[in-house]
Every structure is written in structure tokens, then in C-alpha cells.
Amino acid sequence: MAAPVEEEQALLDEDSLPEHDGCPARKPMSALCDPQRVAHRMLVLSLMCFLGFGSYFCYDNPAALQTQVQKDMKVNTAEFMALYAWYSWPNVVLCFFGGFLIDRVFGIRWGTIIFSTFVCIGQVIFAVGAICNAFWLMEAGRFVFGIGGESLAVAQNTYAVSWFKGKELNLVFGLQLSMARIGSTVNMNIMGWVYSKAQDLIGSTGHTTLGIALLIGGVSCIFSLLCALILGYLDKRAEKILCKEQGKTGEVIKLTDVKDFSLSLWLIFIICVCYYVAVFPFIGLGKVFFIEKFKFSPQEASAINSIVYIISAPMSPVFGFLVDKVGRNVTWVMCAVVITLASHIMLAFTFWNPWIAMCFLGVAYSLLACALWPMVAFVVPEHQLGTAYGFMQSIQNLGLAIIAIAAGMILDSRGYLFLEIFFSACLCLALIAVVMLYFVNLLRGGDLNWSAKKREKLQKLAVAEAKRREKIRRQNEDDLAKLQPKNDFSLRNRYLSRLGAQVTIPLTGAWQEQNPAGEAFSIITTASISSSRFLPIAVKNKE
């Protein structure tokens, strides 16, 4: 008889496990399966990093195969650069609504899967357009690809915030950015080889060979989609085990906030657009530039054209740490713009080894990203951050779309020298905007160029002031509560208690349940003027 009793008791103990934060206690799991253990979180981090690998790999497929695309599809440079423009057009709008779709419509898991699917479908359409010798279909594929690309980056950041908070988050963002740049680098250096292997397989060059090479490149997008599926499963599992909510972007997009943007924020927008239009379109056209001006082989041209991304991969986390420790964001941005301008001037007017200029460009590109984007949070209230970042990405994509087409037209009509002069002019506008931002911030007493120590000190003072005000607010609420008038019943009982009379308080609930006959009980509180003790005595009412 003892055994069944023990088994029953064991079952009862299992069913009544202690709870923690509203969740039942969990059985011990292996390190790789426990969402709170480091091994499992590293698995999730690796999936997050590979989530964007496919989109960044395929984004620069045209740049890696510029010569082949123009030759096989019989298009000029302006038409070739339209492939980048078609990627940017949908993101002029989607940058506003990507976070909203993830938060309110799809959820983080389904949103990631859907956007990854758009990336895969877009790359397939792009490749099929090449196979069918239909350039308009290739443009349509890039448009579909763009619908998923930028929104997938938003989903990736949302996952990072959901799984890694506090001090880990900056490192996670740096690792994600590094993996994205690795994807771009691998594309620059491998797609030419893939095209040659497809050519050997078919036995001739042409649009069919181009399409097969692009389809092979699309395997990276399928790999990223598999990562999205696995990551969605693990996030759903962690939600059940840890009783946590789905991650959200936190973006609250309100177009009416645009009218409240400060002059400093508009200058930041100008810097963003004028700088990036001198970097990404140049990389898109850089391979042929190095072949024609410096007589590099296709392999050497691909290698030097990807050096910007190679440097950015390890240097982005390093510069992020440096900017966090030193501060002086405006000064760092000014240095990055000046170095980039010097790099373009070297490439335009000298025949020095282009590795020098491209290495400087890679360092400046990494530095600007770490110093420019955080400045938005310094000049915008928290409730407007979603709108500000959405607007910043939107006009960035608008600028990239327009300048990509303009760069192709300039190259077709005037050549690379005028194109480099055009890029240098854009950087001069960015430099003017940085100088204006410095003086506007200085005259208005802004904190954009404060040192990290000064900013930290003032933040501590602000936190202390907020705590002091909260303490005063609570004290005032307590004082108001004491001054609130009593109701008639409480005033009567208080008066009778001071007189030493018996105060009768009707009882209901458990007392009445114990007396089915309907007998009501009450507590008689005897209070003595000379004593502050209350003696509750249960007696039967006499009616």
C-alpha cells in the first residue's frame, strides 16, 4: 500500500511545482536546449547573424557581375544601375511601415519568414529574367527583393532586442553588421567564379549562363529562409518555456511628428543622404572602374572593390566601442566625411595604388555608421524615434534610387572622372552640413558633441532629479489621500469608538456561508477611552 501512496504523492508534487514570475518551474535541460543558457543563446545569435546573410549576399550580385550583366543583357550603365534603383524604390515607403507590420500585423516570427520569402522570390525572378533574356523581369525581381530586404533587417534587429538586452545588445548589433558585410564580401569575390563555372557547364556565355549563376547565388537566400524558420520555432519554444512576450520593434510611426523635427535632425538627414550616395553607387560601379583605370584583372578588381566591406566587418564593433567611450559624435562624423572625400579625390586625380584610398574609405565608412546613426536619439524625444529613423531610412533610399540612375547616366555620357567629381561634390555638401551641425549644436547648447564622461555625468544628474521628483509626487499623493473626506459610516464608527461605545460591523461571505439558517453575525468592537486596544467579539444579532 505504501507504493501507490508514494506514487500519488510524487504526481501531486509534480503537478504543484513552484512558480517563478507566473511560470511553473521547469525541469533541468541541457545547455543547448535551455533558452536561458549561454549555449542556446549563442545558437540563436548565429541564426540571427545568418538571417541577413542571403539578402546582403544577393544585394550586390549586380556589382560583382557588372561586366557580364551589361554584356549578356545588352544594357548601358544607366540601365544597369536601375537594378539598384528598383531595390530602393519600395523602401522609400516600407521604411515607415516595416516596424508597424511586424508589431501589429504579422508578429516578429511570421514577419521574418514572410520578408525572407520575398527576398527568395525576388532573387528567383531576377535570375529567371536573365534566363529568359527579359531585363524588365530582372527589374521586377529587384523590386520584389527590395520589399523583403530592408524590412528583414528591421526584423533581425527586433529579434536581437528580444533575446539580448543590456550590455550585450551593442555587441550583438556589431556582430550582425559584421556578418552582413561578410555576405557582401563573399559575393564580390565568388560570383565571378560561379559565372565562369556556369559558363564551363553550358559551354558558352550569354544570358542563360548569367541566369544560372544568379540562381546559384540565390541558394544563400534559401539558407537564410531556413534560418528564419528555425529561429521562429526556437522563439516560440522560448516564449512557452520562459513565458515571455514576442519581440516588438517599439517603433511608433506618426507622420505628424515630422513638423516637430529640429534643424539639427534635418542636418543629420542631409549628411546621411549625401554621404551614402557617394559610397554605395561607387561600389556598384567600382569593379569596372578599377579594371579600366588601373588595369586590374577581374579578380583583383573584385577584391579591391570589396575591401570596404572587409574592413567594416571587424572595425564596426571596434569603432562603436570607441565612440561610446569617447563621445564627440560630430567630430567623428566630420573626420569620416573628410577621409572619404580625400579617398575619392585620390581615386579621381591620381594613379596612386588604389588600395590606399579604398582602405581609407573602408575605415571612414565604418566610423561614420557608428557615430552618425546614434545622434538621432540625442536630438529626438523617445516617442518620435520610430518616425525619425523611418524617415531617415526613407530619404536615404530615395537618394540612393535617384543617384544610382544619375551615376549611370553620368558614366555613360562623361566617364569616370566626372563621376568621381560628382561623388566628391556630394561629399562636399555632407561636409558643409556637418560644419553647420557643429555650430548649430554649439550655439543651442546641444549634447551632440559632448564627451562621454560629461554625458554620463549629466545623465546621472537627470536620473537623480527624476527620482527626487517621483518621491515628491508620491509624497503629495499620500498627503492628498490623508486629506480626503471620510464617508458617513467611517466617521460614525470613529466617533463611537472614541466614546467607548460598541461598534457593530456587519459580516458577510464566509460567516454567512457557515450559517445556512440565515443567522447574521457581527463583530462588536469595544473601545475604551483609556485604552487603544480593540477586542473583536463575535455575538449573534438579536432582532
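FYI, it's all coordinate maths here, none of it is from the lab. Everything quoted here is computed from the prediction, not taken from an experiment. No Cβ is skipped: glycine too gets one built from the backbone with ideal geometry, and neighbour counts run over all protein chains shown.
How would region 85-205 be classified by its alpha-carbon gyration tensor: rounded, prolate or oblate, with rounded meaning a/c under 1.5 and the a/b versus b/c comparison settling the rest? Walk me through the numbers before you get to the answer.
Details: a/c = 2.89, a/b = 1.58, b/c = 1.83.
Cα axes put region 85-205 in the oblate bin.
How do the peptides 329-335, 71-77, 441-447 rank, highest first, by the average count of neighbouring beta carbon atoms within 10 Å per residue? Don't jump to the answer; show the numbers that get you there.
Values: 329-335: 22.1, 71-77: 16.4, 441-447: 13.3.
Packing order, densest peptide first, comes out as 329-335, 71-77, 441-447.
Residues whose amide H comes within less than 5 Å of that of residue 327, counting only those at least five positions distant or on another chain, are 452 (H built at 1.01 Å from N in the peptide plane).
In a simple Cβ point-charge model (Lys, Arg +1; Asp, Glu -1; nothing else charged), region 72-168 has a dipole of about 300 debye relative to its Cα centre.
Can you classify region 341-409 as rounded, prolate or oblate using the Cα gyration tensor, where a ≥ b ≥ c are the square roots of its eigenvalues, rounded means a/c under 1.5, and otherwise it's prolate if a/b beats b/c and oblate if not? Please list the in-between numbers first.
Working: a/c = 4.45, a/b = 1.74, b/c = 2.56.
Taking the square roots of the gyration eigenvalues as a ≥ b ≥ c, region 341-409 is oblate.
The overall shape of region 301-424, judged from the alpha-carbon gyration tensor, is oblate: a/c is not under 1.5, and a/b is no greater than b/c.
Which pairs, out of 259/467; 325/471; 71/295; 259/325; 197/287; 74/287, put more than 23 Å between their alpha-carbon atoms? The answer is 259/467; 325/471; 259/325.
For region 253-325 versus region 380-421, the spacing of their alpha-carbon centroids is 11 Å.
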